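Student: Here it is: the structure, laid out below.
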């Protein structure tokens with residue numbers, strides 16, 4: 001028995017080197033895109049957005065991870081997912097893209113099999129010079145040659161090959177760090193609710209309890225806004241906007257020029273210093 005035991009141990013240790021006792025290899029995550037796919041790009045208010053084509057078995061979580069986003073950021077640009085997170089094959093998801101992820105030119109390290117082409121979707125009012133210079137900082141001749149165009153004439157809806165993106169996605173550290181607050185979440189709700197309500201616009205005096213120590217909640221009282229909806233209140237002095245949930249009507253006894261009553265936290269978010277100050281309001285009814 002003494003001779004058998006050392007032999008068994010030796011055989012077991014040897015097996016570790018041949019794979020018998022090795023741990024299972026880590027699961028390899030396949031890219032969500034290949035060089036055979038196409039990405040459509042638009043520009044809005046100076047920011048670039050890709051339209052990701054959804055494939056079977058892809059999820060919001062896998063998309064967020066692939067593009068270096070948080071789920072909250074994904075919801076921010078695709079607000080309908082808050083009520084229905086289902087991804088349907090063939091639909092396209094709006095993805096903000098940093099300039100660093102857009103490869104405008106092919107260098108010596110470029111491999112076609114590792115990159116997906118990015119096409120700009122021409123919008124009404126676009127001209128080729130504006131697209132090339134303002135949006136991509138590229139010579140017009142580069143886009144003409146890349147797309148085999150004979151002249152500068154383009155039309156809305158036309159697709160122009162402008163760049164490529166790596167099939168491995170976008171690292172999270174390529175994006176600026178963002179901290180989502182309660183105000184961000186309420187803004188997303190406002191944008192979504194606005195599709196189902198009529199939007200009202202007004203202005204007037206905002207009142208809040210300056211001496212209150214209350215913290216945390218962003219809420220408002222208003223004479224017209226539907227209770228339970230979100231409203232946007234802007235302080236023109238500084239341009240800050242807060243989104244607050246409407247919890248009730250302005251009580252009787254307040255002057256008629258009081259347009260909205262805000263919670264202390266909402267007023268502080270606007271940078272309020274006085275108990276009364278002028279605001280502009282957008283609300284839903």
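Student: With outside the structural domain of residue 196 (by TED's automatic domain parsing), buried (at least 17 other Cβ atoms within 10 Å of the Cβ) and under 30 Å from residue 128 (Cα atoms) as the only criterion, which of 67, 75, 105 stands out?
Tutor: Criteria check complete, one pass: 67.
Student: Say we look at the stretch 50-61 and pick out the residues that are exposed (fewer than 15 other Cβ atoms within 10 Å of the Cβ) and at negative phi; which of these is nearest to the chain's Cα centre (by Cα)?
Tutor: By that ranking, first place goes to 61.
Student: Does residue 279 count as in contact (Cβ under 8 Å) with a residue 24 or more places away in the chain, surrounded by 21 or more Cβ atoms within 10 Å (Cβ to Cβ) and either out of contact with any helix residue (DSSP H, G or I) (no Cβ under 7 Å at 6 or more places or on another chain) or not assigned by TED's automatic domain parsing to the domain that holds residue 192 (or both)?
Tutor: Numbers: in contact (Cβ under 8 Å) with a residue 24 or more places away in the chain: yes; surrounded by 21 or more Cβ atoms within 10 Å (Cβ to Cβ): yes; either out of contact with any helix residue (DSSP H, G or I) (no Cβ under 7 Å at 6 or more places or on another chain) or not assigned by TED's automatic domain parsing to the domain that holds residue 192 (or both): yes.
In short, yes.
Student: Then there's this: All but one of (1) under 24 Å from residue 83 (Cβ atoms); (2) part of a loop (DSSP other than H, G, I, E, B); (3) modelled with pLDDT of 95 or more hold for residue 283; state the number of the condition that does not hold.
Tutor: Status for residue 283: all satisfied but (2).
Student: Can you work out which of the residues in the stretch 242-269 that are surrounded by fewer than 21 Cβ atoms within 10 Å (Cβ to Cβ) and touching a residue at least 40 places away in the same chain (Cβ under 8 Å) is farthest from residue 212 (Cα to Cα)?
Tutor: For the stretch 242-269, the residue satisfying everything is 257.
Student: Select from the stretch 215-224 the residues that are surrounded by fewer than 16 Cβ atoms within 10 Å (Cβ to Cβ) and without any contact (Cβ under 8 Å) to a residue 60 or more places away in the chain and write down the one among them that is nearest to residue 278 (Cα to Cα).
Tutor: 223
Student: Name the residues in the stretch 216-253 that are over 29 Å from the mean Cα position of the chain (by Cα) and farther than 19 Å from residue 280 by Cβ, would you?
Tutor: Residues of the stretch 216-253 over 29 Å from the mean Cα position of the chain (by Cα): 221-224, 248-253.
Scanning the stretch 216-253 gives 248, 249, 251, 252, 253.
Student: Pick out the one residue from 141, 168, 173, 126 that is farther than 23 Å from residue 45 by Cβ and surrounded by 12 or more Cβ atoms within 10 Å (Cβ to Cβ).
Tutor: Unique residue meeting the criteria: 168.
Student: Does residue 131 count as under 26 Å from residue 176 (Cβ atoms), over 21 Å from the mean Cα position of the chain (by Cα), touching a residue at least 12 places away in the same chain (Cβ under 8 Å) and surrounded by 14 or more Cβ atoms within 10 Å (Cβ to Cβ)?
Tutor: On the way: under 26 Å from residue 176 (Cβ atoms): yes; over 21 Å from the mean Cα position of the chain (by Cα): yes; touching a residue at least 12 places away in the same chain (Cβ under 8 Å): yes; surrounded by 14 or more Cβ atoms within 10 Å (Cβ to Cβ): yes.
Yes; evaluated as a whole, the condition is true for this residue.
Student: Could you check the stretch 98-137 and list, in sequence order, the residues that are closer than 18 Å to residue 149 by Cβ and not in a helix (DSSP H, G or I)?
Tutor: Once the filter is applied, which keeps residues that are closer than 18 Å to residue 149 by Cβ and not in a helix (DSSP H, G or I), the stretch 98-137 yields 104, 105, 117, 118, 119, 120, 121, 122, 123, 126, 127, 136.
Student: On the basis of being in contact with a strand residue (DSSP E or B) (Cβ under 9 Å, 6 or more places away or on another chain), modelled with pLDDT of 95 or more and more than 30 Å from residue 228 (Cβ to Cβ), does residue 147 make the cut? Quick ask: steps written out before the conclusion?
Tutor: Working: in contact with a strand residue (DSSP E or B) (Cβ under 9 Å, 6 or more places away or on another chain): yes; modelled with pLDDT of 95 or more: yes; more than 30 Å from residue 228 (Cβ to Cβ): yes.
It is true that residue 147 is in contact with a strand residue (DSSP E or B) (Cβ under 9 Å, 6 or more places away or on another chain), modelled with pLDDT of 95 or more and more than 30 Å from residue 228 (Cβ to Cβ).
Student: Tell me which residues, restricted to the stretch 225-239, are loosely packed, with under 15 Cβ neighbours inside 10 Å and touching a residue at least 24 places away in the same chain (Cβ under 8 Å).
Tutor: 236, 237, 238
The values are calculated or read from the model by the stated rules, or taken from the named source; none is laboratory data. Here the structure is a predicted model, which means the values were calculated and not measured. Using ideal geometry, Cβ is built from the backbone for each residue, glycine included, and neighbour counts are taken over all protein chains shown.
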